[in-house]
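To start, the structure itself, in structure tokens.
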Amino acid sequence: MQTFAPIREPQDSHLASKRIFDLIKAELALVEEEYERQASSNIQVIDYLGEYLRASGGKRVRPALLILANYTVGGDARRDNVIRLATVMEMLHTATLVHDDIIDNADLRRNRSSVNARFGNQTAVLMGDWLYMSAFETTVRERSLEIIDILTKLTRKMTEGELIQLTRIGRLDITESEYFDILRRKTAFLFSACCEVGAILGGATREVQAGLRDFGMNLGIAFQLFDDVLDLTADTESLGKEAGSDLLEGKLTLPLIYLLEKEPSAKSRLEKVMFDGSYTAITREELRSMLDDHSIIAKIKERADDHSTRARKSLDVLSKSEYRSCLEGVLSFIAERKN
């Protein structure tokens with residue numbers, strides 16, 4: 001395999017993204033075909049909803065991670081079982097989004113009406129359940145107890161994360177430790193599982209599997225930290241969902257945890273935003289100004305960069321290659337993404 005220097009510079013993020021997705025374009029096309037197949041059904045309503053969700057798109061970061069991890073250890077990601085498991089990861093992710101949108105009463109997802117907004121909560125719940133079961137049915141067919149164990153634990157952790165977060169809705173006494181516990185369960189474990197499963201399918205050693213698992217975990221944490229920043233700084237059109245929605249939904253993210261440490265007097269205004277479901281007590285512009293006054297956005301980005309550094313260090317167990325360089329490029333891509 002060709003070797004070249006890793007992509008590290010943030011200004012190269014667009015090029016990093018293009019390079020990554022161009023490199024595995026054929027494999028991701030196979031994932032789309034497999035997703036269409038797995039999400040189809042002879043039951044008309046399921047077939048329609050499955051296509052609606054698939055066609056909603058998304059960056060397909062999770063299947064891309066599995067494919068790249070597989071290639072970094074010398075695997076062949078065009079093999080049927082790799083494509084199937086990459087698709088399973090995207091379906092699990094989609095199922096969590098469907099259920100999250102119900103819980104959050106979200107109307108938009110990827111600039112389209114969410115399933116719950118368009119078809120109702122009952123339909124959305126059942127469709128999310130169907131996606132989970134379809135994904136696990138595919139996984140069981142692989143006859144790998146190791147992978148089944150990883151995905152079973154992953155799904156339990158994601159569900160626990162959602163339940164824990166539900167108990168914290170509307171509360172402003174969330175600790176940094178509690179925040180990171182929810183983050184790992186809801187986001188980072190899925191990134192980690194994608195990388196680990198890709199390594200397993202490629203026949204990697206235990207040491208390499210662990211390295212890629214740790215890479216995915218730190219990548220997932222960095223991804224969510226940057227996502228929290230975007231929620232407070234980007235606009236609705238760029239995000240593909242309502243900007244500032246976390247606070248509107250009663251969720252306190254790390255930037256606001258830090259803000260309350262610096263300005264406890266802001267508590268009542270943030271509570272009113274949560275309870276009113278609108279930025280009337282404090283505008284998003286005022287909130288951004290307060291965050292900037294205390295350099296909180298910069299602090300969050302430093303935390304994310306620290307996890308990116310840890311993720312990059314985890315890749316030292318791998319030989320330098322085009323695919324390892326692309327995994328490093330993902331770190332630039334998530335740091336500079338706009339949605």
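The values are calculated or read from the model by the stated rules, or taken from the named source; none is laboratory data. From a predicted model like this one, the values you see are computed outputs, not experimental measurements. Neighbour counts run over all protein chains shown; Cβ positions are idealised from the backbone, glycine included.
Which helices (runs of 4 or more DSSP H) does segment 60-167 wholly contain that include 2 or more residues that are buried (at least 20 other Cβ atoms within 10 Å of the Cβ), of a type in the set (S, T, N, Q) and modelled with pLDDT of 95 or more?
Values: elements: 61-72, 80-104, 115-119, 121-141.
In segment 60-167, the matching helices (runs of 4 or more DSSP H) lie at 61-72.
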field: Unique match (being over 23 Å from residue 101 (Cα atoms) and under 12 Å from the mean Cα position of the chain (by Cα)) among 212, 183, 225, 219
entry: 219
task: Can you run down the residue pairs with Cβ atoms below 8 Å, 6 or more apart or on separate chains, where the first is in segment 208-221 and within 8 Å of residue 196 (Cβ to Cβ) and the partner is buried (at least 24 other Cβ atoms within 10 Å of the Cβ) and among the hydroxyl-bearing types (Ser, Thr, Tyr)?
output: 212/72; 213/192; 216/192
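Among the residues of segment 306-339, what is the count of those that are more than 15 Å from residue 212 (Cα to Cα) and at pLDDT 95 or above?
The first filter runs over segment 306-339 and keeps only residues more than 15 Å from residue 212 (Cα to Cα), leaving 306, 322, 332-339.
Now drop any that are not at pLDDT 95 or above, which leaves 306.
Adding up the residues that qualify gives 1.
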- prompt: Is it the case that residue 327 is over 17 Å from the mean Cα position of the chain (by Cα) and of a type outside the set (Asp, Glu)?
  reply: no
field: First in segment 235-258 and farther than 17 Å from residue 299 by Cβ, second anywhere and part of a loop (DSSP other than H, G, I, E, B) and of a type in the set (Lys, Arg), Cβ under 6 Å, 6 or more apart
entry: 238/338; 240/110
message: Residue pairs, Cβ under 9 Å, 6 or more apart or interchain, first in segment 190-201 and more than 13 Å from residue 82 (Cα to Cα), second among the hydroxyl-bearing types (Ser, Thr, Tyr) and in a helix (DSSP H, G or I). List them.
response: 190/96
message: Just checking, does segment 106-120 include any residue being under 16 Å from the mean Cα position of the chain (by Cα) and more than 30 Å from residue 323 (Cβ to Cβ)?
response: yes
